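Student: Pasting a structure below so you can have a look.
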Amino acid sequence: MNLLEIQSLTKSFEKPDGGSQTVVNVAGFVLAEREQAALSGESGCGKTTFLHLIAGILKADSGRILIAGKEMTALPEPQRDRLRATTLGYIFQTFNLLQGYTCLENVLLGMSFGPGADHAFARSLLERVGLRHHLDHYPRQLSTGQQQRVSVARALANRPRLVLADEPTGNLDHKNSRESLALIREACKENGAALLLVSHDREVLGQFEGVRDFHQMNQPAGDRA
Amino acid sequence: MTLPLIIRKSLRQHALSTVLTALSIALAVGLWMSVWIIKNQSQQTFTSVNAGFDAVLGARGSKLQLVLNAIFHLEASPGNLPWSDFLDIQKHPHVALAVPLAVGDNYRGYRLVGTTLDLFQRAEYAEDRKFAVEKGGRLFMPGYREAVVGSFVAQSLKLKPGEKFHPFHGLIFDEKQQHAETYVVTGVLEPSNTPADRVIWIPLEGIQNMSGHNPDAATDVSAVLVKLSSPVAGFQLDILYNKQGNRLTFAWPTGKIMSELFDKIGWFDRVLALVAYLVAFVAVMSVLVSLYNSMNERRREIAILRALGARRLTVFGAIVLEAAAITALGVLGGFVVYGAIATGVAGVIRAQTGVVLEPLAFSSVMLWAPGMMLALGALAGIVPAIKAYRTSVADHLVPSS
């Protein structure tokens, strides 16, 4: 059964000169339950916008996005927020940890808007990513690799069915990149979540069996006056 | 748990602006309550203080001056009245008690008031309460150079029974105006929380016969405190002295005369209240400005919260509640500011007039002023909350350089 199903999805942005530019035009895309897939593509080809559309952060101009049978594109914003809070996890390239919050609090926030705060589960996630002794540390007190691991724990905090990862290793060195990717994949598997990862890093993409070329999948119509 | 956590973190992250804004709220709430309570308590207290008497009889002049002079021991006497006038009103069938007073001297700024023992033995300055001398002392004996000292004077000048002093001429202390007579302190009055605490009481003849005073006025008195046996007598005596006569003034009822004073200075209260409202307005605006200015740096944080599933209304509510929380901190501080201002002002009023205010007594303004401030503070959070509500998630998820 498909967890994620996308049909005829388009998204355009207004340009400063008044015209519009289509950034995303995807005819179709599916992702099965617990599947782990990677999208390849160079920077600026619309991968992040594509993930934002799936997450409901941006509203599509046309097309359908179905997540776990619910049509994200047909939902009003509060329900899109709710669906994101309960069904999706998001790992950002820049981690997007809240600097004024401890590791534990960052993970708790990841579940607060969905299933609700569960301290025991938040602790177990941080232990799982090797941060048992850093629960009360603030992001600035951690290394880049440790911050990435907090963001992985936070993405899994709401027990999501789908984790979106946007260039998750983009800010890491070679060793940390490999370890982090392995951690993301294992953690998603252990938690029964599907993974959709976008990257332009060939080494990262080489770890996945089914790599899809976003450049081919996405057929933006170009500029319109 | 989410909203309290977000608010707590935000307050801590912006600790300096939180503290400064809360301080401005504290100042506003403290000032607001101080102006309101001191105004009301002063009016209530000054119009109810009457030393147990209903009226004052004195020389022709201002009723207010008579009351201030004879009851509050402030102001100069408008003039003297002959002893026969005292005897006349004392014998009036509707006068329960008449006590003569004579003023004109001081000791180190505290005025000496000559009177009779009736003030201590028959008059009640409050219901069932008479002036009493502290243990170890006694009342003065008429005709002797003896003095009973008010509690505030005794404390201030450290006077004790057995000590001697030379009075000074006039109501304002002037070292060159010392009288030759020596008076002995025979007792200290128990605190009455009335203007009597600021007076040195001596026998009536003491003032009348003090060296340097006009011998022709040796039997005159400055004023007569009058207690009526029925309220109707007040109307009769008012007509007798104020309308039919033209030589004396009958100041009655004392409370109404004092309230006229407050009516006259009502504009001052209104100016103070206006200042307090302006400070409150500025404080509320400081909540708005400090939160609004912080919105730009908080857009990424808001975008992250939204990306984690927070609704627009959740971030809107968080900002409004943060404004209310800052205001609440300020309101708590406002009670401290109020305590400091009101205690200080009450001390000054007591030192200057002997009238005691109770700044820590409950007043309804202690509920509605903080409540109103909380509501205004929360309202001030709406403008920055709208900015937070409109924050574009996708545009602010990447760090700004």
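Student: So which residues in region B:4-28 are more than 9 Å from chain A (Cβ to nearest Cβ) and farther than 21 Å from residue B:285 by Cα? Break it down stepwise before answering.
Tutor: If we filter region B:4-28 for residues that are more than 9 Å from chain A (Cβ to nearest Cβ), which is where we start, we get B:4, B:7-8, B:11, B:14-28.
Within region B:4-28, B:4, B:8 meet the criteria.
Student: Something else about it: Using the structure shown, decide if residue A:150 is at pLDDT 95 or above, more than 12 Å from every other protein chain (Cβ to nearest Cβ) and not in a helix (DSSP H, G or I).
Tutor: Numbers: at pLDDT 95 or above: yes; more than 12 Å from every other protein chain (Cβ to nearest Cβ): yes; not in a helix (DSSP H, G or I): no.
Spelling it out, it is not the case that residue A:150 is at pLDDT 95 or above, more than 12 Å from every other protein chain (Cβ to nearest Cβ) and not in a helix (DSSP H, G or I).
Student: What's the number of the only condition in (1) closer than 30 Å to residue B:88 by Cβ; (2) without any contact (Cβ under 8 Å) to a residue 24 or more places away in the chain that residue B:163 fails to meet?
Tutor: With respect to (1) closer than 30 Å to residue B:88 by Cβ; (2) without any contact (Cβ under 8 Å) to a residue 24 or more places away in the chain, residue B:163 is out only on (1).
Student: Test of understanding: among A:210, A:192, which residue is surrounded by fewer than 18 Cβ atoms within 10 Å (Cβ to Cβ) and at pLDDT below 90?
Tutor: Sole residue among the options that is surrounded by fewer than 18 Cβ atoms within 10 Å (Cβ to Cβ) and at pLDDT below 90: A:210.
Student: Restricting attention to region A:1-55, which residues are within 19 Å of residue A:74 (Cα to Cα) and within 14 Å of the chain's Cα centre (by Cα)? Write out each step before concluding.
Tutor: Restricting attention to region A:1-55, the residues satisfying the condition of being within 19 Å of residue A:74 (Cα to Cα) are A:2-12, A:24-30, A:49-55.
Answer for region A:1-55, where residues must be within 19 Å of residue A:74 (Cα to Cα) and within 14 Å of the chain's Cα centre (by Cα): A:4, A:49, A:50, A:51, A:52, A:53, A:54, A:55.
Student: How many residues does region B:163-185 contain that are under 31 Å from the mean Cα position of the chain (by Cα) and either part of a loop (DSSP other than H, G, I, E, B) or closer than 21 Å to residue B:142 by Cβ (or both)?
Tutor: Total meeting the criteria: 7.
Student: Can you tell me which residue is surrounded by the fewest Cβ atoms within 10 Å (Cβ to Cβ) among those in region B:212-229 that are touching a strand residue (DSSP E or B) at 6+ places or on another chain (Cβ under 9 Å) and part of a loop (DSSP other than H, G, I, E, B)?
Tutor: Among those residues, the one meeting the criterion is B:212.
Student: Identify all residues within region A:85-123 that are assigned to a helix (DSSP H, G or I), facing another protein chain (nearest Cβ under 8 Å) and in contact (Cβ under 8 Å) with a residue 40 or more places away in the chain; write none if there are none.
Tutor: A:85, A:86, A:108, A:109, A:110
Student: So, one more: Given the conditions (1) at pLDDT 95 or above; (2) under 18 Å from residue B:247 (Cβ atoms); (3) in contact with a helix residue (DSSP H, G or I) (Cβ under 9 Å, 6 or more places away or on another chain); (4) not acidic (Asp, Glu), which single one is not true for residue B:86?
Tutor: Failed condition: (3).
Listed here are the residues, each with its yes/no results for (1) surrounded by 14 or more Cβ atoms within 10 Å (Cβ to Cβ); (2) of a type in the set (Ser, Thr, Tyr); (3) in contact with a strand residue (DSSP E or B) (Cβ under 8 Å, 6 or more places away or on another chain); (4) without any contact (Cβ under 8 Å) to a residue 40 or more places away in the chain.
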{"residue": "B:80", "(1), (2), (3), (4)": "yes, no, yes, no"}
{"residue": "B:87", "(1), (2), (3), (4)": "no, no, no, yes"}
{"residue": "B:94", "(1), (2), (3), (4)": "yes, no, yes, no"}
{"residue": "B:102", "(1), (2), (3), (4)": "yes, no, yes, no"}
{"residue": "B:107", "(1), (2), (3), (4)": "yes, yes, yes, no"}
{"residue": "B:121", "(1), (2), (3), (4)": "no, no, no, yes"}
{"residue": "B:134", "(1), (2), (3), (4)": "yes, no, yes, no"}
{"residue": "B:141", "(1), (2), (3), (4)": "no, no, yes, no"}
{"residue": "B:145", "(1), (2), (3), (4)": "yes, no, yes, no"}
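Student: Within region B:303-355, track down each residue that is over 20 Å from residue B:280 (Cβ atoms), within 32 Å of the chain's Cα centre (by Cα) and among the β-branched types (Val, Ile, Thr).
Tutor: Once the filter is applied, which keeps residues that are over 20 Å from residue B:280 (Cβ atoms), within 32 Å of the chain's Cα centre (by Cα) and among the β-branched types (Val, Ile, Thr), region B:303-355 yields B:343, B:348, B:349, B:353, B:355.
Student: Looking at region B:338-353, can you tell me whether even one residue there is of a type in the set (Val, Ile, Thr) and either under 30 Å from residue A:154 (Cα atoms) or not assigned by TED's automatic domain parsing to the domain that holds residue B:31 (or both)? Spell out the reasoning first.
Tutor: Applying the first criterion (of a type in the set (Val, Ile, Thr)) to region B:338-353 yields B:341, B:343, B:345, B:348-349, B:353.
Applying the additional criterion that residues be either under 30 Å from residue A:154 (Cα atoms) or not assigned by TED's automatic domain parsing to the domain that holds residue B:31 (or both) yields none.
No, because not a single residue in region B:338-353 is of a type in the set (Val, Ile, Thr) and either under 30 Å from residue A:154 (Cα atoms) or not assigned by TED's automatic domain parsing to the domain that holds residue B:31 (or both).
Student: Additional query: Would you check which residues across region B:210-227 are of a type in the set (D, E, K, R) and without any contact (Cβ under 8 Å) to a residue 24 or more places away in the chain and list them? Working first, answer last.
Tutor: Restricting attention to region B:210-227, the residues satisfying the condition of being of a type in the set (D, E, K, R) are B:216, B:220, B:227.
Once the filter is applied, which keeps residues that are of a type in the set (D, E, K, R) and without any contact (Cβ under 8 Å) to a residue 24 or more places away in the chain, region B:210-227 yields only B:216.
Student: Now for a separate question. Go through region B:47-74 and report how many residues are buried (at least 23 other Cβ atoms within 10 Å of the Cβ) and either more than 22 Å from residue B:86 (Cβ to Cβ) or in contact with a Cys (Cβ under 7 Å, 6 or more places away or on another chain) (or both).
Tutor: Residues flagged as buried (at least 23 other Cβ atoms within 10 Å of the Cβ) and either more than 22 Å from residue B:86 (Cβ to Cβ) or in contact with a Cys (Cβ under 7 Å, 6 or more places away or on another chain) (or both) within region B:47-74 amount to 1.
Student: Something else about it: In contact (Cβ under 8 Å) with a residue 60 or more places away in the chain, outside any loop (DSSP other than H, G, I, E, B) and under 12 Å from the mean Cα position of the chain (by Cα): is that true of residue A:198 in this structure? Break it down into steps so the answer makes sense when it comes.
Tutor: On the way: in contact (Cβ under 8 Å) with a residue 60 or more places away in the chain: yes; outside any loop (DSSP other than H, G, I, E, B): yes; under 12 Å from the mean Cα position of the chain (by Cα): yes.
Spelling it out, residue A:198 is indeed in contact (Cβ under 8 Å) with a residue 60 or more places away in the chain, outside any loop (DSSP other than H, G, I, E, B) and under 12 Å from the mean Cα position of the chain (by Cα).
Student: Could you please find all residues in region A:87-132 being of a type in the set (Val, Ile, Thr), modelled with pLDDT of 95 or more and surrounded by fewer than 22 Cβ atoms within 10 Å (Cβ to Cβ)?
Tutor: A:102
Student: So residue B:134 fits all but one of (1) at pLDDT 95 or above; (2) on the phi > 0 side of the Ramachandran plot; (3) within 29 Å of the chain's Cα centre (by Cα); what number is the exception?
Tutor: So the condition that residue B:134 fails would be (2).
Student: Still on this structure, please answer the following. Between A:11, A:59, which is within 14 Å of another protein chain (Cβ to nearest Cβ), basic (Lys, Arg) and surrounded by fewer than 18 Cβ atoms within 10 Å (Cβ to Cβ)?
Tutor: Selected residue: A:59, the only one of A:11, A:59 that is within 14 Å of another protein chain (Cβ to nearest Cβ), basic (Lys, Arg) and surrounded by fewer than 18 Cβ atoms within 10 Å (Cβ to Cβ).
The values are calculated or read from the model by the stated rules, or taken from the named source; none is laboratory data. Since the model is a prediction, treat every value here as computed from it, not as a measurement. Glycine also receives a Cβ, built like all others from the backbone with ideal geometry; neighbour counts cover every protein chain displayed.
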